[in-house]
1. Output yes when any residue across the range 153-170 is within 28 Å of TYR293 (Cβ to Cβ), in contact (Cβ under 8 Å) with a residue 40 or more places away in the chain and touching a Cys at 6+ places or on another chain (Cβ under 7 Å), and no when none is.
2. What residue, of SER430, SER434, SER423, is surrounded by 17 or more Cβ atoms within 10 Å (Cβ to Cβ) and modelled with pLDDT under 85?
3. Got at least one residue in the range 341-352 being more than 30 Å from PRO233 (Cβ to Cβ), touching a strand residue (DSSP E or B) at 6+ places or on another chain (Cβ under 9 Å), in contact (Cβ under 8 Å) with a residue 60 or more places away in the chain and β-branched (Val, Ile, Thr)?
4. Where the second residue is of a type in the set (D, E, K, R) and at pLDDT 90 or above and the first is within 20 Å of LYS311 (Cα to Cα) and lies in the range 17-32, which pairs have Cβ atoms under 8 Å and are six or more apart or on separate chains?
5. List the pairs whose first member sits in the range 219-230 and is at pLDDT 95 or above, whose second member is open to solvent by 20 Å² or more (accessible area, probe 1.4 Å) and part of a strand (DSSP E or B), and whose Cβ atoms are under 7 Å apart, counting only residues at least 6 apart or on separate chains?
6. Tell me, which strands (runs of 3 or more DSSP E) lie completely within the range 346-385 with 2 or more residues that are at pLDDT 90 or above, open to solvent by 70 Å² or more (accessible area, probe 1.4 Å) and not small (Gly, Ala, Ser)?
7. Can you find, within the range 224-258, the residue that is surrounded by the most Cβ atoms within 10 Å (Cβ to Cβ) among those that are part of a loop (DSSP other than H, G, I, E, B) and among the charged types (D, E, K, R)?
8. Could you please find all residues in the range 207-223 being surrounded by fewer than 20 Cβ atoms within 10 Å (Cβ to Cβ) and within 24 Å of THR300 (Cβ to Cβ)?
Amino acid sequence: MAGLLAAAGVTTLAGTAEAAGTLGAAAAEKGRYFGAAVAANHLGEAPYASTLNTEFNSATPENEMKWDAVERTRNSFTYGAADQIVSHAQSRGMKIRGHTLVWHSQLPGWVGGLGTADLRTAMNNHITQVMQHYKGKIHSWDVVNEAFQDGSSGARRSSPFQDKLGNGFIEEAFRTARAADPAAKLCYNDYNTDGVNAKSNAVYNLVRDFKARGVPIDCVGFQSHFNSASPVPGDYRANLQRFADLGVDVQITELDIEGSGTAQASNYTNVVNACLGVSRCTGITVWGVTDKYSWRASGTPLLFDNNYNKKPAYNATLTALGGTSSGGGGGGGAACTVSYSRTDDWNDGYNGKVTVTAGGSAISAWTVAVTMTSPQKVSATWNGTPSWDSSGNVMTMKPNGNGSLAAGASTSFGFTVMKNGNSAAPSVGSCTAS
């Protein structure tokens, strides 16, 4: 795994022969999982299964565990497709996330037609039957999904459960779930809650109330579907941390980021760094394996393209996790290391220098991500071409012109940081070479 070596104010990040070469292995070395949403009908496609098996150590059924898939007719349960995913994941030692038990969408029509007492019985029976079928096999369950409205109200979303059972249905669902499988982690899962806003505040208040009253809840899932209209928020990490501070794990459950190239790669780096920066962020799941089967396929939001090629976002994600796609082992592949030092320091700013050194073979290009701690801002750079993520906190530096380095040769770039009251050193990611 990547090592941090500090001496005389200089920090060196270097890949070693033990550096993990896959997303799941790299995440495991950080004490986390890196998973994907899985569709049973694609498991027969060799590149799909191979990519899933090689890269990921957690699986979430994309649709196969939803109410309309397992209980289309009342009290008649069909688990075939979901069982296929669970069996596949178990045979490869993957964790499994259960998704989802109580949700307003993908409900069979009979559920909405029930009266209050009948609906309560049906909800509790559905939770109990499905969880007991998979008892001992599921790492975390999304017990209740998307129960709050978008916008500024922080109100509950209209659904058969909310409208007929009232605010207490979430608590009831969690208590029923704990009884059905006491070993599974119980999560609340939602979208547009990634930053501090009215919706995330409403979820936060729910979790705080549950923890105060002893209602069983172990984790909160953040779906994290990002695009240009809904970018990675600048307070993403801080928001994850405030939930963790309530005494629950946090999980990034449905990650996808529309875009391409360096901008997309930087956004993925930002998300991974946010999770790694919160000790109770236990794992990341991307919502699909390949762009071609994504629910947002036109936005190319995943780590593998339509032909299962690794995208720049894949390399950035692996690097952020501390892994290396070169395998780190003496095969002569493109590789580089970086070291950082603070060259000047004054009251309201400092200069940083990053030195890039090629490995045992010549390289033709390199990329290094540098993450500042808000409210710090970079005011100037030199000897490189920077790009920025949507938060303005993550700078991805590439060569300014020719990026070729002979084996063992070095180059450097620099930057000025305005402290704005925070003198913390930046986080310098591993070097990616080609």
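The values are calculated or read from the model by the stated rules, or taken from the named source; none is laboratory data. Quick caveat: nothing in here was measured; it's all calculated off a predicted structure. Cβ: placed from backbone, ideal geometry, glycine included. Neighbour counts: every protein chain shown. Ligands, DNA and RNA are excluded from the accessible area calculation, which covers all protein heavy atoms including side chains. Shrake-Rupley method; radii C 1.70, N 1.55, O 1.52, S 1.80 Å.
1. no
2. Working: SER434 fails: surrounded by 17 or more Cβ atoms within 10 Å (Cβ to Cβ); SER423 fails: surrounded by 17 or more Cβ atoms within 10 Å (Cβ to Cβ).
When all the criteria are applied, what remains is SER430.
3. Checked against the condition, which is being more than 30 Å from PRO233 (Cβ to Cβ), touching a strand residue (DSSP E or B) at 6+ places or on another chain (Cβ under 9 Å), in contact (Cβ under 8 Å) with a residue 60 or more places away in the chain and β-branched (Val, Ile, Thr), the range 341-352 yields at least one hit.
4. ALA20/GLU29; THR22/GLU55; LEU23/GLU55; GLY24/GLU55
5. CYS219/LYS185
6. Working: elements: 349-358, 366-371, 377-382.
Ranges flagged: 377-382.
7. GLU258
8. none
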